[in-house]
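For reference, the structure is listed below as structure tokens.
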Amino acid sequence: MARRTYVATTINGMPTEFLCEPRQSVLEVLRDELGLTGAKEGCNNGNCGACAVLLNGQVVNSCCVLGVELEGADVTTIEGIADGENLHPLQQAFLEEAALQCGICTPGFIVSAKALLDSNPHPDEHTVRFWLAGNLCRCTGYDKIVRAVLKAADASGAPVP
Amino acid sequence: MESFEYLAPRTLAEAFAALGNGKRSLMLAGGTDVIVQLRENRRSCDQLIDLKHIPELMAVDIRADGGLDIGAAVPLAELYGNRDIARRWPGLVDAASIIGGRAIQSRASFGGNLCNASPAADSSPSLMAHGAVLTIASAGGTRTVPVDEFFAGPGRSVLQPGEVLLRVSIPPQPARSAVFYHRFIPRNEMDIAVASAGVRLVLDESGDRIASARVALGAVAATPIMVPAAAEAVVGQAPVADTFAKAGEAASAAAQPITDMRGSAAQRKHLVSVLTVRAFEHALQRIREGR
Amino acid sequence: MTTSERSTNYRVIGTRPVRPDGVEKVTGKAQYGADVRLPGLLHGRILRSPHAHARIVAIDTSEAEKVPGVFAVVTHRDFPAARDVVQELGESSVNAMELSDNILASKKALYRGHAVAAVAATSPHIAEEALSKIRVEYQVLPTVLDVRDAMREDAPLLNETRFTKELGGARSEKPSNIASHIRFQGGNADDAIAGADVVIEREYRTKMVHQGYIEPHNATASWNADGTVTIWTSTQGAFSVRGQVAEILRHPISSIRVIPMEIGGGFGGKLPIYLDPVAALLSKKSGRPVKVLMSRTDVFEGSGPTSGTWIKIKLGVKDGKIAGVKAELAYEAGAYPGSPVGAGSMTMLAPYAIDNFQVDGYDVCLNKPKVAAYRAPGSPAAAFALEQALDEAARAIGADPLQFRLDNSAREGVRMVTGAPLAKVGHEECVQAILDSPHYKSPIEGPYRGRGVASGYWFNGGMQSSVTAAVNPDGTVNLIEGSTDIGGSRASLSMQLAETLGIRYEDVHATVVDTDSVGHNDVTGGSRTTFASGLAVYEAGMDIRRQMRERAAREWNVPADQVEYEDGRITWSDGAGNSRETSFAEQARTAPQKGGPIVGKASLSARGVGGAYGTHLVDVEVDPDTGKVTILRYTAAQDVGTAIHPSYVEGQIQGAVAQGVGWALNEEYYFDDNGRMLNASFLDYRMPTTLDLPMIDTILVEVPNPGHPYGVRGVGEVPIVPPLAAVANAIADATGKRFTELPISPRRLVEELHGLA
């Protein structure tokens, strides 16, 4: 077994240090080493998006990034999306639009949609669907998820171009 | 997943030193293929060498001569997120924006996609249509290889032990030209190409005749293939449906596909003709729209 | 989204509040099975057979046990001998010997992915390394992968001692892969078809498909020092898990405590158990808690998809009416008996009034995973066949496909193939709703565009539920229940309790508790929870109302039967000007001084279940050059009884439509000749993505179920029944070609349209 490596990173705004084996993914590190179980394992090969996190502002599948790659990085997980007790507009919209059933895909969808709205505050329906194509949901048929993202975009207060 | 060491060299020299230390090495760029392959025991190594801290591999340079140099580990999303690149090289965006989902594109790179050497890789036909050239570096120096000569078989390239793919260079594209790449997949995203076609169409000064063309196909042979016969079929002809149909026939004739869970040989042979024709039509549209 | 007018004015029912578990789920804090963290936790992994059919000659685990970090290895030898008894799982049942053998194979591996051994180690990676050091000696046997092949007399036998259970309890002369043959018969189908104007005779095939829940199976177990066992798991039924584990491990039921974690989808696939007894035994051997997880490939290869099917239909129409139907259905059971062919046979004709029928069903074992329930199990494939035959028949006589369905519709009093008469049902209302929809009234134009319709039926389930509702002094209520909440049932149950008590939805706090903390609850399956647990909630609410009325009556010194309870107000009046009034809130506040805690309870076996129908309408466009099908527009009408929470009802319909569209167009288990699934990943098992579907319109038709105080019918399963046929009918309309085999993939379409096959 390779020696565990020391990694210093920032997670949800908090400076965070951990030890991990090189073969441990970010998903494993978050869940097994740091107790952040919001990111979910659905496929472990980059095809469902349930493990999505933001890495330096970019949405990534945390199952396809190694923990050792986080040295010096800035990570946001689903646990860091809300501002304290104030839910993010996406989280509020998912609740109001009934955009979740079992909820296992929800963290990935919200993280991924946040990355979209951060870069494009007023996407149209097709843009939302294209951006979220890497996030699988088996409960909702996507209808209410897409509506929730569009609603959150409208609610975000960002200027319409 | 078997255990391995992780190295993150800061310079090419450090990388070459690591490559020469006698251990079995694999390169890590975006990791979206290699990490999964290691996890599924489809590849193994003693050490994984992360190339993303080497400046040359992360550089993007729009050259003064109209060419484009792309560091081998530059993430796809960074490429198509660059407005100049998206505007001037839409044929690259065609491929870069459909490899995996958006979360994959934050990490995956053209270099990684090429070195993975899947016959169905989306980047290959697009880059081949562009006439891209690869720069390969080793401790002994660098060499260049046209991208169409890079593949040696499924999962195999001409990359030798000790070598690193440094960058992908897009030469200046001819006037009145456009590249278009597309693929056929059963879903509308998140699939491996059943078949794919990348073409470059170049019109003559009159705009009424085809001056030259390049046609590249994916997922219909052991490697991505160039189809010179499809290009020859259109040169000197008017850019119209009948002409493109001839290219489609030539593409279909050159295809030597297999049947697997993603599609049948007959389906693929049929599809590359359809895709080649449509790629030419879209490329023509791009020229006409001045894109 | 439209909702028809309802006659009853409810205060809470029919509103759309936020679910109680919502905030935890959108913030990533909700705890699913894989999220369990315990001191000293070990990680378990399962070794699976690489062969689809092989005798297990020997298993040598000695090298695996030597790997540093490995604490325990188990094989089937560690299980006690199982009993030959059948356990009900809600929508399916299981024989304990076969269940035990499926969890860890004993003598034979019967499908690729069949579990043969398990390891617990300090990390998942070490557990995987140890698996690679287990030596299993296999004697590879011939495989049988096609349902028709498996029925042949010369087919390789999965079980040499299995005989067919024939009609009337007879047994076949020779061993067979056909586990059972059933028949439903009425009138004289042969004569009716012989005298028909139009006869349609076709064979149909569907492929094995998976429920596709995003959360893989998981189980964490702790074998405690006192011999009790605690299990944390994602399941559709904690009590069912407890019962199955007790049977497999021959352990007292009361010594097993199952803690249901949040569940990441099930659709029927999380009714059986796969990992729980293994985790328990690994914990017993290691002395530490053990968490066992499936990978996605494990889920595809080693859990319970639904049957591939072969169905033959002969249908006669005379004077615009369905004169008679003969049907044969052969369903893949997988490695052990238990396909849903019975349900398929019983639901196939249910939307229609048909006097002359003969339906034969065959339950067939072959070298594929043992199937599990999948949303209206058995019914979608049956509807795929029948609804296409009806479509052809309607075309042949020049009838509008919806009007044809309306003219032949089942209604109250019509007998099903089982002989049971239907109660008040809403199929005609669904067909009419589609006829009246803006979608149906809009034109469908353009080349290679087509429109399809289909109907479907599901029985829905009743079964057992127990709840407790404890009233707090501040007027809030804790609703303690034991039904797994997959799609919002904590909300739909809280709403029913709030309605019953006349209090606010926000004042009910629902919790799904473990098996030590509430009376027995059957699985969340059969679309039963909002109905049957809802019935229990209603009864518990009425219990609270009774207690409050009795307290008020005592205080006012009046007869309790003269005290009324309405909308949270408790009143008495003698009609002569004397009246008294108190309220739920007042009774709650003063309970500690006036008799102590008020707790409503109900335990019941629900009767009055209401079967339900849906009719779907879909427009498609086919790219004739590539075979790609685009869903242009989709409208689903369904008799939902009463929509307690309309958003969640719509969500059930929309999700089922998405699964049905995937089943119709792209999803399939793709096996090689040796029984290896070649597409065991979310990359190549192509479930629909966001880009593959339009918005899905729903029409909630409310024909209240007379068997429930609020008219509830199950809603979750019906909507997966029509889509397969609706899409196939639309493709036939678009292309002029009839596709009788699923999936109608681009490959199949393009090969057919261009003569490539």
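Do we find that C:Thr235 is outside any loop (DSSP other than H, G, I, E, B), among the hydroxyl-bearing types (Ser, Thr, Tyr) and within 14 Å of chain A (Cβ to nearest Cβ) in this structure?
Details: outside any loop (DSSP other than H, G, I, E, B): no; among the hydroxyl-bearing types (Ser, Thr, Tyr): yes; within 14 Å of chain A (Cβ to nearest Cβ): yes.
Spelling it out, it is not the case that C:Thr235 is outside any loop (DSSP other than H, G, I, E, B), among the hydroxyl-bearing types (Ser, Thr, Tyr) and within 14 Å of chain A (Cβ to nearest Cβ).
Those helices (runs of 4 or more DSSP H) of segment B:11-115 in which 3 or more residues are touching a helix residue (DSSP H, G or I) at 6+ places or on another chain (Cβ under 6 Å) occupy B:76-81, B:90-96, B:102-105. Of the residues that sit in segment C:29-52 and are under 30 Å from A:Phe94 (Cβ atoms), outside any loop (DSSP other than H, G, I, E, B) and out of contact with any Asp or Glu (no Cβ under 7 Å at 6 or more places or on another chain), which one is farthest from the other protein chains (Cβ to nearest Cβ)? Residue satisfying both the conditions and the ranking: C:Gly33.
Checked against (1) more than 14 Å from chain A (Cβ to nearest Cβ); (2) surrounded by fewer than 24 Cβ atoms within 10 Å (Cβ to Cβ), C:Arg528 passes all but condition (2). Within segment B:116-161, can you find the residues that are in a helix (DSSP H, G or I) and hydrophobic (A, V, I, L, M, F, W, C)? Residues satisfying the conditions are B:Leu127, B:Met128, B:Ala129, B:Val147. Selection over segment C:463-521 of residues that are in a helix (DSSP H, G or I) and closer than 22 Å to C:Met261 by Cβ gives a count of 6. In segment B:14-57, how many are more than 10 Å from chain A (Cβ to nearest Cβ) and over 13 Å from B:Val164 (Cβ atoms)? Final tally of qualifying residues: 10. Just to be sure, is C:Thr220 within 30 Å of C:Glu262 (Cβ to Cβ) and in a strand (DSSP E or B)? Spelling it out, C:Thr220 is indeed within 30 Å of C:Glu262 (Cβ to Cβ) and in a strand (DSSP E or B). If you go through segment C:672-698 one residue at a time, how many are within 22 Å of the chain's Cα centre (by Cα), of a type in the set (Ser, Thr, Tyr) and more than 30 Å from C:Val144 (Cα to Cα)? Result for segment C:672-698: 2.
Tell me, which helices (runs of 4 or more DSSP H) wholly within segment B:217-291 include 1 or more residues that are polar (S, T, N, Q) and not assigned by TED's automatic domain parsing to the domain that holds B:Arg88? Can you show your working first?
Details: elements: B:228-232, B:241-254, B:265-288.
Hits in segment B:217-291: B:241-254, B:265-288.
Here C:Thr571 fulfils each of the conditions (1) in the same structural domain as C:Glu550 (by TED's automatic domain parsing); (2) part of a loop (DSSP other than H, G, I, E, B); (3) in contact with a strand residue (DSSP E or B) (Cβ under 6 Å, 6 or more places away or on another chain) apart from (2).
Restrict the check to segment B:59-76 and report whether at least one residue is surrounded by 23 or more Cβ atoms within 10 Å (Cβ to Cβ), without any contact (Cβ under 8 Å) to a residue 60 or more places away in the chain and within 9 Å of chain A (Cβ to nearest Cβ). Scanning segment B:59-76, I find at least one residue that is surrounded by 23 or more Cβ atoms within 10 Å (Cβ to Cβ), without any contact (Cβ under 8 Å) to a residue 60 or more places away in the chain and within 9 Å of chain A (Cβ to nearest Cβ), so the answer is yes.
Any idea which of C:Val26, C:Val74, C:Val12, C:Val86 is within 14 Å of another protein chain (Cβ to nearest Cβ) and either more than 20 Å from C:Ala221 (Cβ to Cβ) or out of contact with any His (no Cβ under 6 Å at 6 or more places or on another chain) (or both)? Please lay out each step first, then the result.
Working: C:Val74 fails: within 14 Å of another protein chain (Cβ to nearest Cβ); C:Val12 fails: within 14 Å of another protein chain (Cβ to nearest Cβ); C:Val86 fails: within 14 Å of another protein chain (Cβ to nearest Cβ).
That would be C:Val26, the only listed residue that is within 14 Å of another protein chain (Cβ to nearest Cβ) and either more than 20 Å from C:Ala221 (Cβ to Cβ) or out of contact with any His (no Cβ under 6 Å at 6 or more places or on another chain) (or both).
May I ask you to say which residue of C:Ala491, C:Ala454 is within 14 Å of another protein chain (Cβ to nearest Cβ) and touching a Pro at 6+ places or on another chain (Cβ under 8 Å)? Walk me through it before giving the result.
Working: C:Ala454 fails: within 14 Å of another protein chain (Cβ to nearest Cβ).
When all the criteria are applied, what remains is C:Ala491.
Yes or no: A:Gly67 crowded, with 23+ Cβ neighbours inside 10 Å, in contact with a Phe, Trp or Tyr (Cβ under 8 Å, 6 or more places away or on another chain) and either in the same structural domain as A:Ser112 (by TED's automatic domain parsing) or on the phi > 0 side of the Ramachandran plot (or both)? Judged against the criteria, A:Gly67 is not a match.
Output the helices (runs of 4 or more DSSP H) that fall wholly within segment A:73-141 and possess 1 or more residues being more than 14 Å from chain B (Cβ to nearest Cβ), or say none. I'd like the intermediate steps shown before the answer.
Values: elements: A:89-96, A:106-119, A:125-131.
Correct list: A:89-96, A:106-119.
With the condition being of a type in the set (Gly, Ala, Ser), I'd like the strands (runs of 3 or more DSSP E) fully within segment C:78-165 carrying at least 2 qualifying residues. Break it down stepwise before answering.
Numbers: elements: C:86-88, C:93-95, C:115-121, C:135-140, C:163-165.
Strands (runs of 3 or more DSSP E) meeting the threshold: C:115-121.
Those helices (runs of 4 or more DSSP H) of segment C:322-429 in which at least 3 residues are among the charged types (D, E, K, R), considering only elements entirely within it, cover C:379-396.
Among the residues of segment C:677-699, write down those that are away from chain B (no Cβ under 14 Å) and surrounded by fewer than 24 Cβ atoms within 10 Å (Cβ to Cβ).
Listed by number, the residues that qualify are C:Met695, C:Asp697.
Selection over segment B:187-211 of residues that are surrounded by fewer than 24 Cβ atoms within 10 Å (Cβ to Cβ) and within 12 Å of another protein chain (Cβ to nearest Cβ) gives a count of 5. B:Gly91 passes every criterion in (1) crowded, with 21+ Cβ neighbours inside 10 Å; (2) in contact (Cβ under 8 Å) with a residue 24 or more places away in the chain; (3) at the interface with chain A (Cβ under 9 Å from one of its Cβ atoms); (4) more than 16 Å from B:Leu166 (Cα to Cα) apart from (3).
In segment C:667-685, how many residues are hydrophobic (A, V, I, L, M, F, W, C) and in contact with an Asp or Glu (Cβ under 7 Å, 6 or more places away or on another chain)? Before you say what the answer is, go through the steps one by one.
Here is the first cut: in segment C:667-685, the ones hydrophobic (A, V, I, L, M, F, W, C) are C:671, C:677-678, C:680, C:682-683.
Narrowing further to those that are in contact with an Asp or Glu (Cβ under 7 Å, 6 or more places away or on another chain): C:677-678, C:680.
Going through segment C:667-685 one residue at a time, the tally reaches 3.
Can you confirm whether C:Arg545 is buried (at least 21 other Cβ atoms within 10 Å of the Cβ), basic (Lys, Arg) and not in a loop (DSSP other than H, G, I, E, B)? Spell out the reasoning first.
Values: buried (at least 21 other Cβ atoms within 10 Å of the Cβ): yes; basic (Lys, Arg): yes; not in a loop (DSSP other than H, G, I, E, B): yes.
Answer is yes for this residue.
Apart from one condition, C:Asp485 fits all of (1) farther than 30 Å from C:Asp400 by Cα; (2) among the charged types (D, E, K, R); (3) surrounded by fewer than 23 Cβ atoms within 10 Å (Cβ to Cβ); the exception is (3).
Filtered by the rule that a residue be within 12 Å of C:Ala454 (Cα to Cα) and among the charged types (D, E, K, R), segment C:401-414 gives a lone residue, C:Arg405.
Of the residues A:Leu36, A:Leu66, A:Leu55, the single one that is touching an Asp or Glu at 6+ places or on another chain (Cβ under 9 Å), without any contact (Cβ under 8 Å) to a residue 40 or more places away in the chain and either among the hydrophobic types (A, V, I, L, M, F, W, C) or at the interface with another protein chain (Cβ under 7 Å from one of its Cβ atoms) (or both) is A:Leu55. Considering only residues that are within 14 Å of another protein chain (Cβ to nearest Cβ) and outside any loop (DSSP other than H, G, I, E, B), which ones fall in segment B:170-186? Selection gives B:His182, B:Arg183, B:Phe184.
The values are calculated or read from the model by the stated rules, or taken from the named source; none is laboratory data. A quick note: this is a predicted structure, and the numbers were derived from the prediction, not measured. Cβ coordinates were reconstructed from backbone atoms using ideal geometry, including for glycine residues, and neighbour counts include every protein chain displayed.
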